[in-house]
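Participant: Sharing a structure below in structure tokens format, with a few things to ask.
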Amino acid sequence: MSDQLSAISLLDTSVSREDWDAAMRRGDFAAAWQICDRLVAAHAPGERCWHLPRHEQWVWDGRPLAGRRVLVHCYHGLGDTIQFARFLPLLDTLTRETIVWGQPSLVGLLQTLPGRPRRILPLHDGDPGVDRDVDVEIMELAHVLRVTPETLAAGVPYFDVPRGPRLSEKFSIGLVAEAGDWDSRRSVPADLFLDRALAEPRLSLFNLQVERPLPGLPDLSTRDVLLLASRMRSLDLVITPDTMLAHLAGALAVPTWTLLPAGADWRWMQADRADSPWYLTMRLIRQSRPGEWQPVVDQVWRRLRLVHA
């Protein structure tokens, strides 16, 4: 959503991305949706934005969705799709048909959403090849549906995934340190975790990283997102930076501690918040200074000692 604002704010200089970002951080969604209204109204009829990268394209042109065949494009990251998929059942109550054009790796997971049967098509670089009346990007649904912070957590968990077999009698934690190459600020140095994790007899720690698995930990990682979700449901806790796995764990209502850099993304609200209205079972542990992860990891272990004193 913020990427779309940066792309189209040139059409209306009275609209500030910073104003939208600030409104979302403080939970004033109504003010954010008013900014989005002005942006949508600024589009010329039939205007195209296909020259922009997909994640910066706007899709919805303001037409009503009620009673229509709606194609939902998933043009952002996997975590964004997981976070905003919660709105698809609500969208179903308005549309004549909902069609989701989603990332291939998420098709199985999206099929577990509640609501009436909907078509889910694998996203690719061409045309979706389906008849529809209205197009919308999945991150635009919060605006279209006029979501409020009070209604965000309704229906969590919203994926119906069976719990995997229990792998340990001890308190079991799935661990992630790297957040990928898109934003290196989000990654936690793995050695800060591993020195303590491997010496902790009261806990069973499991690797959830697909790329560069954490050494010395039993590996639960897999590129099969539906299988990964089932395995995560068998855990007592997931500890992760701001990654797709944080959103997946939160959407499944798995207890999750999300480790955030200073100046974290708008979706994690204001810097003094340790909770998330998006995910009721999530605790946010934040850097106080950019780049300083040691105090964050120290806080994680203090909390774990309190839990298992």
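Every read-out reported here was derived from the displayed coordinates using simple, explicitly stated rules and does not represent laboratory data. Please read these numbers as outputs of a predicted model, since none were measured by experiment. All Cβ positions, even for glycine, are placed from backbone atoms using ideal geometry, and neighbour counts span all protein chains on display.
Participant: List every residue whose amide H lies under 5 Å from the amide H of Trp257, counting only residues 5 or more places away in sequence or on a different chain, with H placed 1.01 Å from N in the peptide plane.
Facilitator: Amide H neighbours of Trp257: Val238, Ile239, Thr240, Arg283.
Participant: Can you give the local net charge around Asp133? Use residues other than it whose beta-carbon is closer than 10 angstrom to its beta-carbon, Lys and Arg +1, Asp and Glu -1.
Facilitator: +2
Participant: Right, next: Given H placed 1.01 Å from N in the peptide plane, which residues other than close sequence neighbours of Asp219 have an amide H under 5 Å from its amide H?
Facilitator: Asn207
Participant: Would you work out if the chain is rounded, prolate or oblate? Take a ≥ b ≥ c from the square roots of the eigenvalues of the alpha-carbon gyration tensor; rounded if a/c is under 1.5, else prolate when a/b is larger than b/c, oblate otherwise.
Facilitator: Here the chain falls in the prolate category.
Participant: What is the spin-label model distance, in nm, from Gln270 to Ala199 if the labels are put 7 Å beyond Cα along the C-beta direction?
Facilitator: Distance between the two pseudo-spin positions: 4.0 nm.
Participant: I need the helices of the chain that pass two filters: whole DSSP H segments spanning 15 Å or more by Cα along the axis, and mean Kyte-Doolittle score no lower than 0.5.
Facilitator: Span-like helices here: 29-42.
Participant: Taking 0.36 nm per residue of separation and subtracting the Cα-Cα distance, what length does fully extending Asp236 through Arg289 add?
Facilitator: 16.2 nm
Participant: Given the rule -39500 (n - 2.57) for each run of at least 4 DSSP H residues, summed and divided by the residues of the chain, what is its mean residue ellipticity at 222 nm, to the nearest 500 deg cm²/dmol?
Facilitator: Roughly -8000 deg cm²/dmol at 222 nm, from the helical runs in the chain.
Participant: How large is ³J(HN,Hα) for each residue in the stretch 104-109, as worked out from phi by the Karplus curve 6.51 cos²θ - 1.76 cosθ + 1.60 (θ = phi - 60°), to whole Hz, x for Gly and Pro?
Facilitator: Using θ = phi - 60°, the values come out as x, 5, 9, 4, x, 5 Hz.
Participant: Please tell me the relative contact order of the stretch 182-298 in percent, rounded to the nearest whole number, where contacts are Cα pairs under 8 Å and at least six residues apart.
Facilitator: For the stretch 182-298, the relative contact order is 20 percent.
Participant: Taking the number of other C-beta atoms within 10 Å as the exposure measure, put Val161, Val238, Val210 in order starting with the fewest.
Facilitator: Val210, Val161, Val238
Participant: Given H placed 1.01 Å from N in the peptide plane, which residues other than close sequence neighbours of Thr148 have an amide H under 5 Å from its amide H?
Facilitator: For Thr148, no residues qualify.
Participant: Mind sorting Ser172, Ser288 by how few other Cβ atoms lie within 10 Å of their own Cβ, fewest first?
Facilitator: In order of increasing Cβ crowding within 10 Å: Ser288, Ser172.
Participant: On to the next question. From the Cα gyration tensor of the stretch 171-307, with a ≥ b ≥ c the square roots of its eigenvalues, which class applies: rounded if a/c is under 1.5, or else prolate if a/b is larger than b/c, or else oblate?
Facilitator: Verdict is rounded for the stretch 171-307.
Participant: Return Thr222, Thr281, Thr240 ranked ascending by Cβ neighbour count within 10 Å, so the fewest neighbours appear first.
Facilitator: Thr222, Thr281, Thr240
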